[in-house]
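Undergrad: First, the structure itself, so that you have it in front of you.
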Amino acid sequence: VLSTRTTCEVLDLLENSGLPFGPVNNLQQTFDHPQVRARNVVRQVEHPFLGPIKMVGPAVEYSDAPVGEHIEPPPMLGQHTAQVLKNVLGYSDQQIQDAVDS
């Protein structure tokens, strides 16, 4: 029965039911939602290789804790591999170079 109705029709039917309900949005509907736009959830950041890209900011913001003011772009594939091998896994510079050369 619900598959023959629009989302608005179903929401109207449930309006005074006393049940918790809400629409299930697709990504486009989510990012077009007025609250998402008003809260500036989608941020544009400059990626060093790709140029300007859109990213999702933090879901929650606090007045005294400025999280999300500066959002870093995602790394490129392999960008931090040497750093992780050396600092986390303890590889020497020579071991890393040998892996790159192989």
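Undergrad: What number, in percent, do you get for the relative contact order of the chain if the mean sequence gap of Cα pairs under 8 Å and at least 6 apart is divided by its residue count?
TA: Relative contact order of the chain: 12 percent.
Undergrad: Tell me the label-point distance for the pair Leu27, Ser3, using the 7 Å Cα-to-Cβ offset, in nm and rounded to one decimal.
TA: About 2.5 nm, to one decimal.
Undergrad: Express the carbon and sulfur contribution to the solvent-accessible surface of the chain as a percent, rounded to the nearest whole number, probe 1.4 angstrom.
TA: Here carbon and sulfur together make up 57 percent of the probe-accessible area.
Undergrad: Let me ask you something else. Express in Å², to the nearest 10, the accessible area of His80 obtained by rolling a 1.4 Å probe over the protein heavy atoms while all chains stay in place.
TA: Accessible area of His80: about 80 Å².
Undergrad: Quick check on the chain: what does the Kirkwood estimate of hydrodynamic radius come out to from the alpha carbon pairs, in Å?
TA: 18.7
Undergrad: Give the residues of the range 43-79 whose amide nitrogen is closer than 12 Å to a point set 7 Å from the Cα of Ile96 in the direction of its Cβ.
TA: Counting backbone N atoms under 12 Å from the label point, the list is 79.
Undergrad: Keeping every protein chain present and rolling a 1.4 Å probe, give me the accessible area per residue for the chain in Å².
TA: Heavy-atom accessible area per residue stands at 85 Å².
Undergrad: Treat each spin label as a single point 7 Å out from the Cα along the C-beta direction, and report the Gln35 to Leu19 distance in nm.
TA: The two pseudo-label positions are separated by 2.0 nm.
Undergrad: Figure the gain on full extension for Val84 and Met55 (residue separation times 0.36 nm, minus the Cα-Cα span) and round it to one decimal in nm. Intermediate values should be presented prior to the final figure.
TA: On the way: separation 29, 0.36 × 29 = 10.44 nm, distance 2.44 nm.
Between Val84 and Met55, full extension yields 8.0 nm more.
The values are calculated or read from the model by the stated rules, or taken from the named source; none is laboratory data. Everything numeric here is computed off the predicted structure, so don't read it as measured data. Every residue, glycine among them, receives a Cβ derived from its backbone with ideal geometry; neighbour counts consider all protein chains shown. Surface areas here come from the heavy atoms of the whole protein model, side chains and all, with no ligands, DNA or RNA. Shrake-Rupley method; radii C 1.70, N 1.55, O 1.52, S 1.80 Å.
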